Amino acid sequence: MTEQNTGPLEQVNTQSAPSELRITDMRIAVVGGGGWRWPIIKLETNQGLVGLGEVRDGASGRYALMLKNRLLGENPCDIDRLFQKIKQFGGHGRLGGGVCGIEMALCDLAGKAFGVPAYMFAGGKYREDKVKVYADTPLKKDPEEMGNALLGRMDRGFEFLKMDIGLWIASEFEGGVINKHVAAESATLMHPFTGIQVTDYGISKMQEYVGAVRDIIGYEIPLASDHFGHMGVENAIRIGKALDQFTLAWYEDMIPWQFVDQWQALKAGVDTPVCTGEDIYCLDGFKPLVDARAISVAHPDLATSGGILETKRIADYCRDAGIGLALHQAGSPVVAMANAQAAMAMENFVALEMHSVDNPWWNDLVTMVGQDGPMIKNGYVQVTDAPGLGLELNEEVIAEHLAQASSRRQYGAYPSGAFEDTSDWDELDAHDRVWS
Ligand SMILES: [Mg+2]
């Protein structure tokens, strides 16, 4: 408690003087490896408190740095006002990464200033100190190999799983996929425009694959599915109907989230929950899908969807429509813990994604405050009442795992080491108003 606090504030265990707190600097370190890129940001203050945040996986750290000059001198405890100030510089997909990374850091700072966990700013908790996670398990051609990989997850305590099922299963077989040659270039072509179709034979091979996996892991553990490939909604429905018998937790991103009427058709056409959202920016982006009751599970990525408080607003909007919410997450422990904080405050929360459960150095990037590592224990993240996000960075480990600098240097004015000087980004040279 600071000495100048009197009256009711005496009951608040402030770690600093919140009303005098000011942002003085933003630093960044881009951690990476194995195809991943995680820009971790630090917001520094005039009271020595440091707020941690993370730009969306795979996005440029510049999306955060360009906001530095809009934050210098501001009080980070004004989380919502500052979010509204910078919201116009975010967008769907990776473009939301800078705004969201900063929002996490503001919640971390405000939590540290007032001595409360970040979830308190989202309204307090709906669950007892732990958040269920689900382990992503990327593509394996052999279903037995996939089944055994999932079994390994179950042995480690995971109670919720996800695997990739896609066109690639059917395309392994002659006569399984029509317009197969388009698949290679379809990554940049939206689903309705590829002309790819799956034959009944191809679908039977997908059924065999999922059946073989279920035979290994059984039917009592939730198993979600993702990465079906780029084909139109009619084919998605045919595949969905054929796989309904395996009672998967959800079909994810079978078609682009932008096509609300197609999502309505998909939801009506299959008996398994349908899920999307990892590239949608803010509540306004989710509203059309939710208003149309076109999804069963919303799947925001907190590093695109608007950070902790905006994702809580998305969760509440979904809750009121009877829609559950799972959290997409593919970043470092910083963003993982920001997600866990948000999940604590959501009534309709289902599970939080983890992509790096096989990465040997992932846990070492941070030290958790008030508990021992690793972050994921028996399929859950523990969330204590440690202030803010409840994390400290292990900067030696971060320095050992910086992403390759070459692609970043060519644009200049972008630090290639860990948390180096960013004063090139201090000056505001734009008029930001979006109304006249
Ligand atoms: Mg996905």
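What's the number of the only condition in (1) under 20 Å from residue 251 (Cβ atoms); (2) in contact with a Gly (Cβ under 9 Å, 6 or more places away or on another chain) that residue 312 fails to meet?
(1)
Between 223, 283, which is within 20 Å of residue 324 (Cα to Cα), in contact with a Gly (Cβ under 8 Å, 6 or more places away or on another chain) and away from the ligand (no atom under 14 Å from the Cβ)? If you could, list the steps in order and put the result at the bottom.
Numbers: 223 fails: in contact with a Gly (Cβ under 8 Å, 6 or more places away or on another chain).
Answer to the selection: 283.
Give the residue that is surrounded by the fewest Cβ atoms within 10 Å (Cβ to Cβ), with candidates limited to residues of the range 108-146 that are in a strand (DSSP E or B) and touching a Phe, Trp or Tyr at 6+ places or on another chain (Cβ under 9 Å). Don't jump to the end; show me each part of the working.
Of the residues in the range 108-146, the ones in a strand (DSSP E or B) are 117, 130-137.
With the extra rule that they be touching a Phe, Trp or Tyr at 6+ places or on another chain (Cβ under 9 Å), the set shrinks to 130-135.
Working: 130: 16, 131: 25, 132: 19, 133: 28, 134: 25, 135: 26.
Across the range 108-146, the extreme among qualifying residues is 130.
Name every residue in the range 244-269 that is of a type outside the set (Val, Ile, Thr) and within 16 Å of the ligand (Cβ to nearest atom), in order of residue number.
Step one: filter the range 244-269 for residues of a type outside the set (Val, Ile, Thr), giving 244-246, 248-254, 256-259, 261-269.
Across the range 244-269, the qualifying residues are 248, 249, 250, 251, 252, 253, 254, 256, 257, 258, 263, 266.
Can you tell me which residue in the range 270-280 is surrounded by the fewest Cβ atoms within 10 Å (Cβ to Cβ), limited to those that are β-branched (Val, Ile, Thr) and within 16 Å of the ligand (Cβ to nearest atom)? Quick ask: steps written out before the conclusion?
Residues of the range 270-280 β-branched (Val, Ile, Thr): 270, 272, 274, 276, 280.
Narrowing further to those that are within 16 Å of the ligand (Cβ to nearest atom): 272, 274, 276, 280.
Numbers: 272: 20, 274: 23, 276: 27, 280: 26.
Result: 272.
Pairs under 8 Å by beta carbon, first residue crowded, with 22+ Cβ neighbours inside 10 Å in the range 228-245, partner small (Gly, Ala, Ser) and not in a helix (DSSP H, G or I), six or more apart or different chains?
228/166; 229/166; 243/225
Surrounded by 24 or more Cβ atoms within 10 Å (Cβ to Cβ), assigned to a loop (DSSP other than H, G, I, E, B) and more than 12 Å from the chain's Cα centre (by Cα): does that describe residue 295? Give the derivation first.
On the way: surrounded by 24 or more Cβ atoms within 10 Å (Cβ to Cβ): yes; assigned to a loop (DSSP other than H, G, I, E, B): yes; more than 12 Å from the chain's Cα centre (by Cα): yes.
When the stated conditions are applied, residue 295 passes them.
For the range 89-107, state whether one or more residues are without any contact (Cβ under 8 Å) to a residue 40 or more places away in the chain and either part of a helix (DSSP H, G or I) or β-branched (Val, Ile, Thr) (or both).
From the range 89-107, those without any contact (Cβ under 8 Å) to a residue 40 or more places away in the chain are 89; that's our starting set.
Then keep just the ones that are either part of a helix (DSSP H, G or I) or β-branched (Val, Ile, Thr) (or both); that gives 89.
Yes, the range 89-107 contains a residue that is without any contact (Cβ under 8 Å) to a residue 40 or more places away in the chain and either part of a helix (DSSP H, G or I) or β-branched (Val, Ile, Thr) (or both).
Can you list residue pairs whose Cβ atoms sit under 8 Å apart, with the first residue in the range 273-290 being outside the structural domain of residue 88 (by TED's automatic domain parsing) and the second being of a type in the set (Val, Ile, Thr) and away from the ligand (no atom under 16 Å from the Cβ)? Count only pairs 6 or more apart in sequence or on different chains.
Cβ pairs passing all conditions: 282/314; 283/314; 286/314; 288/260; 289/260; 290/323.
From 336, 330, 345, 315, grab the single residue that is within 29 Å of residue 368 (Cβ to Cβ) and within 14 Å of the ligand (Cβ to nearest atom). Steps first, answer last, please.
Working: 336 fails: within 14 Å of the ligand (Cβ to nearest atom); 345 fails: within 14 Å of the ligand (Cβ to nearest atom); 315 fails: within 14 Å of the ligand (Cβ to nearest atom).
Exactly one residue qualifies, and that residue is 330.
Taking only the range 298-313 into account, find how many residues are in contact (Cβ under 8 Å) with a residue 40 or more places away in the chain and closer than 15 Å to residue 275 by Cβ.
Within the range 298-313, the subset in contact (Cβ under 8 Å) with a residue 40 or more places away in the chain is 299, 301-310, 312.
Subsequent filtering for residues that are closer than 15 Å to residue 275 by Cβ retains 299, 301, 305.
Residues that pass the stated criteria total 3.
Hey, any hits in the range 197-212 for a residue that's part of a loop (DSSP other than H, G, I, E, B) and within 16 Å of the ligand (Cβ to nearest atom)?
First pass over the range 197-212, keeping only residues part of a loop (DSSP other than H, G, I, E, B): 199.
The next check asks that each one be within 16 Å of the ligand (Cβ to nearest atom); those that pass are none.
For the range 197-212, residues part of a loop (DSSP other than H, G, I, E, B) and within 16 Å of the ligand (Cβ to nearest atom): absent.
For the range 223-261, name all the residues that are of a type in the set (Asp, Glu), in a loop (DSSP other than H, G, I, E, B) and more than 14 Å from residue 190 (Cβ to Cβ).
Step one: of the range 223-261, the residues of a type in the set (Asp, Glu) are 226, 234, 244, 252-253, 261.
Going one step further and asking which of them are in a loop (DSSP other than H, G, I, E, B), we end up with 253.
The answer is none; no residue qualifies.
Looking at the range 292-303, is at least one residue of a type in the set (Asp, Glu) and either farther than 15 Å from residue 352 by Cα or more than 16 Å from the ligand (Cβ to nearest atom) (or both)?
Kept after step one, since they are of a type in the set (Asp, Glu), are these residues of the range 292-303: 301.
Subsequent filtering for residues that are either farther than 15 Å from residue 352 by Cα or more than 16 Å from the ligand (Cβ to nearest atom) (or both) retains none.
Within the range 292-303 (the criterion being of a type in the set (Asp, Glu) and either farther than 15 Å from residue 352 by Cα or more than 16 Å from the ligand (Cβ to nearest atom) (or both)), the answer is no, since none of the residues qualifies.
With respect to residue 350, determine if the residue is farther than 24 Å from residue 68 by Cβ, within 16 Å of the ligand (Cβ to nearest atom) and among the β-branched types (Val, Ile, Thr).
Details: farther than 24 Å from residue 68 by Cβ: yes; within 16 Å of the ligand (Cβ to nearest atom): yes; among the β-branched types (Val, Ile, Thr): yes.
Yes.
The values are calculated or read from the model by the stated rules, or taken from the named source; none is laboratory data. This structure is a prediction, so every number in the text was calculated from the model and none was measured. Positions of Cβ are backbone-derived with ideal geometry, glycine not excepted, and every protein chain shown enters the neighbour counts.
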